[in-house]
Each structure stands twice: as C-alpha cells, then as structure tokens.
Amino acid sequence: AQHFSGRWINDRNQTLWCSWTVLGKKRLYFAGDSGYCSHFKNIGKKFGPFDLTMIPIGAYDPRKLMKPVHMDPSEAVQTFQDVRGKKMLGIHWGTFILADEPMDEPPKKLMSAVEEQKLSKEDFWTPKLGETREW
C-alpha cells in the first residue's frame, strides 16, 4: 500500500500501513488504504492471479490532495488488472465522509470504469453497509 500513518499531531509514520495476500486454496488480495502506484504490477506478477481482490474506491476528491494516498475508481480498476484479479470487492467508501465526493459516487464511477475497460460488471461488487455476499 502507498499511504502514510498517523492518528495525532506528533505520530506521523510511526506505524506501518500495508496490503496483504492470503495464498491457499483461494487466493485473496487486500490492497489496504492506498494510492495507485507501480508496485501493484509486481504484486500481480509475484502472487497473482487472485480469486478475490479488495481494493479501495473512495476518498479521492480533491485529486490534487488525495491522489498520492487514495486511488479513484478508475485507478482501482487498473489495480485490479495489475494484480490479475478475478473478482473485486470495492472497499474504503460509503461509511464515513472522508473526502469531497458524494458518499454514493464511488460505486457509480467504478461501474463506469468497468464499462470503459469492457470488463464484466458481475465481477465487481460494491455492497452497501451491512450487506453480505456469498462467494
């Protein structure tokens, strides 16, 4: 993940942010709270393909401020392709107001990016708070 850490005024980068994989019968990738960067391609080459990816889609506006630490939905689709995902669960949206975009915008923009890349909408999930999905 590409981000920073800190919960208070004097604890910047004192803890680690991260992404992780689960490699077993099913292969999972959790991107964490991250901006888009080239390391996703390396993750895909080394550990992919992934049966399920969990990739952030929210807290991206204003782009000038958020781009280094929060990807937008089109970058989330690029990340999905870079890590060689089969299914994607959009995370990091719709629970708290974290940025300037409307809370319901990230899933809409995600589906637009999916259409633009000619990918299957059925492979991209954006459940609402409390909604479940069997997989």
Exercise for the section: Could you list all residues from the stretch 92-135 that are within 15 Å of the chain's Cα centre (by Cα) and touching a residue at least 60 places away in the same chain (Cβ under 8 Å)? Expected result: T126
Exercise for the section: Would you confirm whether any residue within the stretch 114-127 is in contact with a Cys (Cβ under 9 Å, 6 or more places away or on another chain) and either surrounded by 13 or more Cβ atoms within 10 Å (Cβ to Cβ) or assigned to a loop (DSSP other than H, G, I, E, B) (or both)? Expected result: no
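Give me a count of the residues in the stretch 85-100 that are under 20 Å from H70 (Cα atoms) and either hydrophobic (A, V, I, L, M, F, W, C) or surrounded by fewer than 20 Cβ atoms within 10 Å (Cβ to Cβ) (or both). Steps first, please.
Step one: of the stretch 85-100, the residues under 20 Å from H70 (Cα atoms) are 85, 88-100.
Still in the list and also either hydrophobic (A, V, I, L, M, F, W, C) or surrounded by fewer than 20 Cβ atoms within 10 Å (Cβ to Cβ) (or both): 88-89, 91, 93-100.
Looking only at that region, the number is 11.
Among the residues of the stretch 1-11, is any surrounded by 15 or more Cβ atoms within 10 Å (Cβ to Cβ), at pLDDT 95 or above and not small (G, A, S)? Break it down stepwise before answering.
Just the residues of the stretch 1-11 that are surrounded by 15 or more Cβ atoms within 10 Å (Cβ to Cβ), to begin with: 1-3.
Restricting the remaining residues to those that are at pLDDT 95 or above gives none.
Within the stretch 1-11, none of the residues are surrounded by 15 or more Cβ atoms within 10 Å (Cβ to Cβ), at pLDDT 95 or above and not small (G, A, S).
Would you check if there is a residue in the stretch 43-52 being closer than 19 Å to T132 by Cα and in contact with a Leu (Cβ under 9 Å, 6 or more places away or on another chain)? So that I can check it myself, show each step before the final result.
To start, the set of residues in the stretch 43-52 that are closer than 19 Å to T132 by Cα comprises 51-52.
Filter once more, keeping what is in contact with a Leu (Cβ under 9 Å, 6 or more places away or on another chain): 51-52.
Scanning the stretch 43-52, I find at least one residue that is closer than 19 Å to T132 by Cα and in contact with a Leu (Cβ under 9 Å, 6 or more places away or on another chain), so the answer is yes.
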Exercise for the section: Could you please find all residues in the stretch 79-107 being touching a strand residue (DSSP E or B) at 6+ places or on another chain (Cβ under 6 Å) and either within 19 Å of L119 (Cβ to Cβ) or not in a loop (DSSP other than H, G, I, E, B) (or both)? Expected result: T79, F80, V83, G85, K87, M88, L89, I91
Exercise for the section: Test A76 against the stated conditions and say whether it is of a type in the set (G, A, S), over 13 Å from the mean Cα position of the chain (by Cα) and under 24 Å from H39 (Cβ atoms). Expected result: no
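Which residues, taken from the stretch 62-78, are part of a loop (DSSP other than H, G, I, E, B) and at pLDDT below 95?
K67, P68, V69, H70
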Practice task
Check P68 against each of (1) in contact (Cβ under 8 Å) with a residue 60 or more places away in the chain; (2) closer than 21 Å to P107 by Cβ and name the one condition it does not meet.
Solution key: (2)
Handout entry: Subset of the stretch 12-57 [at pLDDT 95 or above, in a loop (DSSP other than H, G, I, E, B) and touching a His at 6+ places or on another chain (Cβ under 8 Å)]
Key = I57
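The values are calculated or read from the model by the stated rules, or taken from the named source; none is laboratory data. This structure is a prediction, so every number in the text was calculated from the model and none was measured. As a convention, Cβ positions derive from the backbone with ideal geometry for all residues, glycine included, and neighbour counts pool all protein chains shown.
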